[in-house]
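First the structure, in the form of structure tokens, and then the observations on it.
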Amino acid sequence: MIVPLTALIAVGLALIHLYSGRIRFLDVLPRSRWLSAAGGVSVAYVFVHLLPDLAKEQETILGAVGESFNFLEQHVYLVALIGLAAFYGLERAAKVSRQRKRSVGGEDSTEAGVFWLHAGSFAAFNALIGYLLLHREDPGIQGLLLFAFAMGVHFMINDHGLRKHHQRVYDQVGRWVLAAGICVGWMVGLFFEVSEAAIAVLFAFLAGGVIMNVLKEELPEERESRFWAFALGAAVYTVVLLLAF
């Protein structure tokens, strides 16, 4: 039951990348209330469910890395910080690339090298999510559906930001690369399984990436984000998670 369901979810998540660009009401200023609400859902999932579960796995990680790393008492949060920093670096690279291209009279989009850096990194991020559909901290259909919903709305946020950075090339190539990443990650998870400690580390990196990807879309002043929609999305999904777990 679980494997066929995760296959359907992986395909559904891939389709979000392929078709979210056709949802025109998302691409507006002030920022679409739906995108802000989606950001609230994603952040609620990380802070209310994901990070508390990872904290419980800290002993597992400490046992796996050995006494040599005991000075790092919070490995989970260190990995989450690395995930956040990695995606911050990607965002800065894209912004600098767009500025450089505009300065020589080009269109407001990234250079080819930065596009492929972004596409490859987000495809790897998606592959991680595809893998975690099969191997999560909380096995079971309820946990799977909550995870899938949070990641689905998060993909809408990522698509919106990536399309702004890369323009036409994202629709021509990038969205297909990201969609393929999900399916590849799911197929890897079908044949390979890493340790419980490694799963905790992967989820921690995912948490840091999700937090950064949401904040970079919500915080810039030019986005004119909808705080009430963000707060409502976070509040509603927090209640759902608390009732579910």
query: Would you say G185 is in a helix (DSSP H, G or I), open to solvent by less than 10 Å² (accessible area, probe 1.4 Å), in contact (Cβ under 8 Å) with a residue 40 or more places away in the chain and touching a Leu at 6+ places or on another chain (Cβ under 7 Å)?
result: yes
- request: Check whether at least one residue in region 123-132 is free of Cβ contacts under 8 Å to residues at least 12 places away in the same chain, in a helix (DSSP H, G or I) and surrounded by fewer than 22 Cβ atoms within 10 Å (Cβ to Cβ), and report yes or no.
  value: no
field: Residue under evaluation H160, criteria (1) modelled with pLDDT of 95 or more; (2) of a type outside the set (D, E, K, R); (3) surrounded by 17 or more Cβ atoms within 10 Å (Cβ to Cβ), criterion not met
entry: (1)
- request: Please tell me if S195 is open to solvent by 40 Å² or more (accessible area, probe 1.4 Å) and in contact (Cβ under 8 Å) with a residue 12 or more places away in the chain.
  value: yes
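The values are calculated or read from the model by the stated rules, or taken from the named source; none is laboratory data. In this text, all values refer to a predicted model and were calculated from it rather than measured experimentally. Glycine also receives a Cβ, built like all others from the backbone with ideal geometry; neighbour counts cover every protein chain displayed. The area values use the complete protein model at the heavy-atom level, side chains included, leaving out ligands, DNA and RNA. Shrake-Rupley method; radii C 1.70, N 1.55, O 1.52, S 1.80 Å.
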